[in-house]
Every structure is written in structure tokens, then in C-alpha cells.
Amino acid sequence: MKESTGAVITLTRRDIIVFEQRLKNAIGSFLTFKGHSISFPRTQHSLAAVWHATEEKLLLPLADTDGTILGVFTARGVGEDATKMVTPLWPALNALIINNLLLYKQSLCDPVTGLHSRHYLLDCMEREIEAQREPLPLVVAASADVHDLSSPAEDTTEIAPAASAAPREHQAFTRSSPGILAVRMIALRDVVREFGYQFADALMLALAKAVTAHCPEQALAARTGDLEFAILLPAATAKTCRALAEQLVTALHAVSLEHPLRRKRVGSMVSVGFALYPQDMESGPATRPLAERARRLLRKARLAAALAGENMQFGGGMDGSGPVMGFGRILAEGGRVLEMLPLSRVVVSLGASMHAREGLRFSVWSGSYPRNAQQTTDAALAPLYKGEVVLMDVGENVSHAEICHVGDPSWSIEAGDRLVLVPEEQVSMSLDTLVPHAVPRDPVTGLLRHGDFFARWAQDREQCDIFSLALIRLTSQAQGPVEAEGEMYGEVFAPTQPEQLLAQAAQLCREELGRDVLGGRYGLDSLVFFHPHLTGELAAQQYAPLAAALKERLGIDVAIGIAAHPYLDFRKSDVLDNCRKALEYAILLPSPHVGVMDSLALNISADKRFSQGDTFGAIKEYQLALLADDSNDMAWNSLGVCLAGLGRHAEAERHFTRALACNPKDAMALYNLGYTCQMQNQVEAARSYYLECLTHAPDHLFSLIRLGQLSESAGDAATAREFYETAAKKPGGESVTRRHFARLCIVEKKEDEAREHLHEALIHDPQDALAMQMLARLYLDAGEDPDMAASLARQSVSLRPDLKSGWLQLARALEAMGQVAQAREARLNAG
């Protein structure tokens, strides 16, 4: 007989909620009903179906194969004839439904570990990503998508709106968003080689049980490879991901099994990497399909886990991070020198997949140096500085960098050295100290090399009070020969020959701009030019025809970012950073894609900072955008969102008012202003702003729901229901209004109908913390299984630990289970 080493997969009460939609569809295939709910009785229920004629309810017990009651499905609005038909057949129907659910669950799980499969994990990731509204409301000349200050999903009490006034898309950055952890088993291949596959499977099962035991309620754990687990956190921050990762490392390092023949305990070292959506995604994630985004996010977590494993071999990261690494920290401190090349160049382990770009500067560190007498042979040496490199040619996973200088000529840079990103401010300071010298030109473009150009620029800019800097990036390449004026251009090379194409672009730029203009190669596909005594507006007038010429004569598209000095209070050394911001702005503009550093460019840069969770950095740049142009209504609105997110509602109200002064028909500003007034208990003012928002945007869903909440708070349930019913008819309204209908039903003592709405709410949004709290409360009020109520309450507080009501429901459930000490701790967390 075959010996089984796999996990035993069974149905649990939690699965009844998870598979509720499938269960509803299965019962609905032979029974017609108007509504449904699921209860979890504490005592053993009869296995027979029960009919309540007066309430037209049919209670259908859901029994496991061993007769254990998993739950009771209540079908409301069932006819008597249907009941007579179903009741005697229910035991057989129940067995069929439960077996189908079990088979479905088994199809979603890995047979060895019992964790979910990679396919199911990716499907769940896609749903979580789809639920996130896009993070960057990018501003272009023709249109703008301004910030929406909040969504109804963030209510802090059963009626009042969220304590945090940040928008849902912004809460994803400042508070929580989908996160994925990749857990790599570093030594498991050695276990397979020495002890065999069966023993390795048994060890994987033990590790999987440890993962399940330490994951929070809302997490989804899966086996995504022979040597890898992954955990999806639907609502997470970098802090919570790191905390869980460190907890998993400690727990999994403690897992070991004794080999029955050798009497030797065997375990596995692990490394954990994590990534967050959309913070760790590249620009414009919405342009890719959901499946692509989900797989890219998992890949980023895997990259971070692999790097964390390398850090363990080299004694940990620069910050002592050890076997845990977040994808967002790879670029800052996760790079290494891989190979030395001639002409002072090196290959480094950073590429476009880690968000590396040309021109980034890194300091080089190493711990491989002679030990002195005071150092023990086992102690790790503190890294010492060796020099600096700058990225030139960025590939997908590796890049070529140029050595700027070395700290000690006798101690050269070598393979294995660590890279630490140099902040932009330090880059500017180091450029100021460089002394230009006679060097050969870049062999491809004929312009100065990257480091030599900026050394020359650092000197020449001090000789003029007005100057401009322009970055030209080739954004697309021609696919075949292009007719050009003159024989010198010949034919355009295919994308497999990018350097020849860049050489032709550089030659055309020198002809159009003049051969005396200082130019350099900025990266693999970009050039940089310095124009003394030229303002930004005049530079834009020169570069627009240049972009057209590059398109017409070489068949390529370019984006050109221009920054000038003086501009606001920026220093001369800040112009390069401003130029990069202008380039990001130019990419968004229509042809000829020439962007000048101005208020809109600052607005886009601030949006990007906000999307990365840097609220205070975003506030500073929004203020600079307004200093440049105080009629920028998008900046006023976005700045108000930032301040409201920090709880400074009075200041936010003033900024939203200024946004309306610039654009009186701005629906988002009207909604944001109404919500800010609502947070300050200015009910009538909030109501008037919501109504005015609806006059300009009749389909504005959130305004309708907020108006319903205001009516509900005033005790006018009928009017509140009218607003909710209107909102439910709007696009996307059916899902977000379920919980609000449930709240009205609770007030009207219609608990069964409230349960139906809450179950529907969780089907549409499995991470609805308020719906979980309300459902847990209904379970407890009805005296049902407190373990199910505690499970829902735990998920709720994991998603929204700031909500007092969730902790109180958890305390109630724990008290009902007899866990008095834990209940006391939950009440303390509730304050």
C-alpha cells in the first residue's frame, strides 16, 4: 500500500463562509428562494431540514461526512410545495453538496502541504489588485483625475464616516494595500539529496503547518514552488509585512524533523521577501492586465527573498536585515558588484526589474579586509567604504556601471562588494566637488561620458546665473529603414542595435542644437545637454522642432524634460533632479512630448511621492506647485487630501475651498469639502456640498451614500434607504451599499435580512472590515458559535486595528469562549 505523506484536507466552518457563493448557487439549482443567510449553532443541530411556515424559512443543516454540523443555511421566501419536495431528499443533497465543496477545496490546495495552490493564490491576488483604485491621478495638460477623499468602505462607526480622511487609493499607501510574502527554503535541495523526497515532503508539511499557525486570519498561504511558500495579505503595510516575515523566519527556523533511520534532526533555513501593490510596481501599472500585475508582484517578492538569502551568506544586509528583505529596499541597499570589466566598468546585480535607471549613483562597501588582533575569527567585520559607481547601461536584471572614483587606490572594487544608493542631495554635493579633466569621449555618441559631463556641468553652471538642462530619452525605436534627408543617416537600425540608433540621434542633436553645446551620454537610451544663458521657455522652443526632426528623419519617438535655473528656491545643483521630474511629465504629454519643469510637473512628482507613502514629501511638493501657480486647483485639492489624511480637517477645508475657487464645478473638490465638513460635524454644510456635487456629477456614488449616512444619523431611515437604493443603481453601487442596507435592517430588528446583506457584502468585498464586525455581532447576539464570531472579529481588527468596535466584538467573542485574559487584552486595545 502506498504510504501517504500529504496533508489531510477537510472542510471547516470557515470554509462555509469562504465558499458561500458556490454553496448558494448549488442550493439555488434545485430550490428557489428570495434571500439566504448562514448561522453557526453552538449545539449539535438536527440533520433534518426544518420548515418555518409562518416566516417562510427553510433551515438546511450542512453536515460533514462524519455527521458534524458545519453550519445551517437559511433560505428565506421558500414556497411550501418546494419545501415538501426538498425536505425528504435533503440528507442526500447535503452529502452531494458537501462532497462537491470538499472536492473543490482540494482542487485549490497543494496535496503535500494542504496550503493553497499557486493558481488560486494568483486569482486572489488579481481580485485584490482589481479592488485597488489606481494610485497616481496623473495630471496632463488636457485633463486630470483629481483625488477622491474617501470611499464608504472606510466607516469608523456604524454610521459615521472614516476617521482617516484619506482616499481609498491613498489609504492603500499610507495605511494598507495588498502585500505578498515569498518564503524560500534555502537548504531543502540538500535535504532531498541526502534524505530523499518523501522525507523532504514530510518536512515541507511541517513547515506548512508552522506557516498556517503564524499567519493572521485574513492571510492566504499557498505553495508556489517546490521550495517556496507565498502568503497574500489583502491589507498590509511594509511594517506589517516585515513583522510577519520576521515572525515566520523565527518560527520556521525552529521546525525540524528526526530522520527515522539516522536519528538526526533536520530543518531548513529560510529567507523571506515581500512586495506591496502598487508601491513596488513600476509606473503605470494599470496599463497591464491583472494577471500580469499579479505575477509581476509575486516575482518582485521572489527577487527580494532571493536577495535576503544572499545576505545570509554574506553576513546580512547593510542594516543587519538578515533573512528578510522588502522589494522597496533592494535598490537602496541590495545591489552587489558581480563582475569587473575593462575601462573602469563593472557589472552590478541591479536592473530595470528592481526599478534601477541610468544615472543612479551608488557607494561601494566591503567587509573583506584584513582582520586585526582584536577581531575574532567569527565576528562579522563592519563594512568599509571603497568608492562610488554610476549606472550607465541598465538591463532587465543586471546593469553596467562606471567607476567614478575609489576611496583607496590600493584597495580596488571587486566582485561581491555591496552597493548602497547615494541620496540625490549627496549626489549634487559630490558633483560640485568634481574637477573636470581631459578625457576621451563616449565611443558611441561622441559626447562626454556620464561622469565627465556632470563634472564639466558642475563647473560651467557657476559661470552663469541663467541656464537650462535638457534630458532626451528615446522612448521607441523604428522597425525598419526610414527615408531621411541626406545620405549620412542611411537606414535606421532595428531595436536589436540600440547603440547605433543612439549614435544617430546624438549626431542629429548636435546638428540641430549646434556643435558647441555641451552634451553627454546620460544612459543606455538617453542624452543630456547644457544650455548656459537660456531660459526654460526658449529651450522648449528649440527642442520641440528637434523632437519632430528625430521622429521624421530617424523614425523614433523621444521624451524631453527641461529644467531651468532660477526656478522658485531651487539651487543650481537641484536642476538635474528637476530635469528628471520634467521628463516624467513629458512622457505623459501629447507629441512632441516636451515638458518644462513647472507647477504641473511638481504636481505629478508629488502624486508619485504620495503613492509611495511619503505624505510629508508630497505636501512639500504640492506647496511648491502652488507657489509656482496658485491657480492649480489639482494641487489645492491634493494638498487638502494629504492634510485631511493627517487629521488636520480645518486646514484641509481651506484648501478644498481654494480648489473650488479655481474650479467651481470640480465634483471631487465638492465631495472632499463635504466630507471634511462631515468630519467636523458641520452636517448642513456637508449636505449642501454633496448635493452640489451631484448636480455636476449625477452618478457620483459616494455622495449618495454619504447623504444616506447623514439621514441615517438624523434618524430618518426612510430617506436614508432612498439614497442607498439610488446609489445601488449606479455603476459599482450594488456591492458597496450592502452593508449600509444591513445597518438599516438591524435598526428595524430584521436580523435575518441584515445577515443576507452582510453575506452579500462579503461576497463582493471579502476584506470589508465593518461587515465582518457587524456579522460577528449578529452571531454573538443570536448565541451562535463564538469561534466563528472571533474569527471574523480577528480579521476585522487585522484589517482595521484603529476601529474600537472591532476590538470590542473580539472581546465579546473571546469571553463567550472562556478566554478571559485574551478578552481583557482586546478591551485594552479598544482603549
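Worth a mention:
- Between ASP123 and LEU47, the contour length at 0.36 nm per residue exceeds the alpha carbon distance by 23.9 nm.
- Taking packing as the residue-averaged number of other Cβ atoms within 10 angstrom, the listed peptides 343-354, 92-103, 664-675, 573-584 run from highest to lowest as 664-675, 573-584, 343-354, 92-103.
- Set of lysines with alpha-carbon distance to LYS608 below 22 Å, sequence-local pairs under 8 removed: LYS239, LYS300, LYS581, LYS620
- When each of the peptides 713-720, 416-423 is scored by how many other beta carbons lie within 10 Å of its residues on average, the order from highest to lowest is 416-423, 713-720.
- Electrostatic tally near GLY267: other residues with Cβ closer than 12 Å to its Cβ, Lys and Arg +1, Asp and Glu -1, net 0.
- Cα-only Debye scattering, the stretch 499-547: base-10 log of I(q)/I(0) at q = 0.13, 0.20, 0.24, 0.27 Å⁻¹: -0.30, -0.70, -0.98, -1.18
- Cβ-Cβ FRET estimate between MET817 and PHE570, R0 fixed at 41 Å, reported to 0.05: 0.10
- The stretch 63-86-the stretch 219-257 distance, computed between alpha-carbon centres (Å): 39
- Accessible area of the chain divided out per residue, in Å², using a probe of 1.4 angstrom: 43
- Accessible area in the full protein assembly, largest first, 1.4 Å probe, for SER117, SER703, SER688: SER688, SER117, SER703
- In this view, the solvent-accessible surface of HIS52, computed with a 1.4 Å probe and all protein chains in place, comes to about 70 Å².
- Sparse-neighbour loop sites [chymotrypsin sites (Phe, Trp or Tyr not before Pro); the stretch 1-105; at most 14 other C-beta within 10 Å; DSSP]: PHE30
- Measuring r between the beta carbons of SER631 and ARG295 and using R0 = 35 Å, the FRET efficiency lands at 0.20.
- One equal scatterer on each Cα of the chain, no solvent, Debye formula: the resulting log10 I(q)/I(0) at q = 0.06, 0.07, 0.11 Å⁻¹ is -0.50, -0.67, -1.33.
- The shape of the stretch 542-665 can be summarised by an equivalent ellipsoid whose semi-axes, obtained from the alpha carbon gyration tensor, come to 31, 15, 13 Å from longest to shortest.
- Charge tally for VAL389 (other residues, Cβ to Cβ under 12 Å; Lys, Arg +1; Asp, Glu -1): +2.
- Range of Cα positions in the stretch 22-79 per principal axis (Å), largest first: 30, 26, 15
- Share of carbon and sulfur in the accessible heavy-atom surface of the chain [1.4 Å probe, %]: 53
- Charge sum, other residues only, whose C-beta stays under 12 Å from ASP781's C-beta, Lys/Arg counted +1 and Asp/Glu -1: +2
- Fully extending the segment from ASN681 to TRP411, taken as 0.36 nm per residue of separation minus the present Cα-Cα distance, adds 90.5 nm.
The values are calculated or read from the model by the stated rules, or taken from the named source; none is laboratory data. These numbers come from a predicted model, not from an experiment. For neighbour counting, all protein chains shown are included, and Cβ atoms are generated from backbone atoms with ideal geometry for every residue, glycine included. The protein model used for the area step is the full one, side chains on, heavy atoms only, and it has no ligands, DNA or RNA in it. Shrake-Rupley method; radii C 1.70, N 1.55, O 1.52, S 1.80 Å.
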